[in-house]
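The values are calculated or read from the model by the stated rules, or taken from the named source; none is laboratory data. The model shown is predicted, which means the values in this text are computed figures rather than measured ones. Neighbour counts run over all protein chains shown; Cβ positions are idealised from the backbone, glycine included.
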Amino acid sequence: MVKSMTGYGRGEQAFDGVQVVVELRAVNNRYLDCTVKMPRSYIFAEDAMKARVQKAVARGKVDMFVTIVRSGGDDTVVTVNEALAKSYIDALGRLRELGGSYVKGNYYATDLARFPDVLTVEKKAEDLDEMKARLLAVLDLALEDFNAMRAREGERLAADISSRADAVERLLGEIEGRSPQTVADYRARLEAKMREVLENTQIDEARLLTETAIFADKVAVDEETVRLHSHLGQLRELLAAGGAVGRKLDFLIQEFNREANTIGSKCNDMEVTRRVVDMKAEIEKIREQVQNLE
């Protein structure tokens, strides 16, 4: 199965009050180029997530977006600086002793909480390996969705390429069928011209055969058509094999164009010329579609 380079995928999962969303978006690119946009505090997982994408995607410009949302205050913890609180208590007791009747009243825990650094609000420590594993698990969900979309698009592209390859093969058959007639027409025109020039003089049959043979050799496209048939077979094999075949197909289409151009330069017949033009148009459409394949 061949895949398109373009696609979108999304994965989402909740872990203990943490909502993780990973989105993938890709467009055409000659090589694989993966960029990640995620909260700075989770940058430790970036390399692992890129490596996971590289295993699943051969080429294309892939943008990954990671969103992490925490619910409530599960990610914070309040700690008491017991030593400092005890020092404040001792100091307050000492003030009461020093003040005598001038210092009255009791103090409460809320009073102690107002003093600097008695209570500290900190972010709860995370298990980095566990969080990395969670991010990768959600990325796998996104990749599954992403590759499913690329596979559907790839199937459509492969069907279009195959139908155009069939059109090229049909036109190629018509060119092959027309080639002998091109030589016969040339012989007829040459013979008519020789008769016109020589009038009643006997035509040199050997000279006529020689000129016809020279012309036939010049316009012969047997080698080109055989190679083009072979290239069509390779194209179908690559599409059937699947995988990351876009680059191979891109090189193969260059060979298609080379053979078609050679046939066009050799032909000396309007009917063949028309078919070559149609064939090159189909080859160009195949090339455009191949540019979208991974």
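Before moving on, here are some points about what is shown:
- Some residue of the range 140-160 being farther than 30 Å from LYS50 by Cα and modelled with pLDDT of 95 or more: yes
- The residues listed here are GLY154, GLY173; of these, the one that is part of a helix (DSSP H, G or I), within 21 Å of LYS3 (Cα to Cα) and small (Gly, Ala, Ser) is GLY154.
- Search result, residues across the range 253-276 that are aliphatic (A, V, I, L, M) and either buried (at least 19 other Cβ atoms within 10 Å of the Cβ) or touching a Gly at 6+ places or on another chain (Cβ under 8 Å) (or both): ILE253, ALA260, ILE263, VAL272, VAL276
- Boolean, ASP166 is at pLDDT below 70, surrounded by fewer than 16 Cβ atoms within 10 Å (Cβ to Cβ) and outside the structural domain of ASP63 (by TED's automatic domain parsing): no
- Restricting the first member to the range 222-249 and to residues that are within 23 Å of THR6 (Cβ to Cβ) and aromatic (Phe, Trp, Tyr), and the second to residues that are modelled with pLDDT under 95 and in a helix (DSSP H, G or I), no beta-carbon pair is closer than 9 Å while six or more apart or on different chains.
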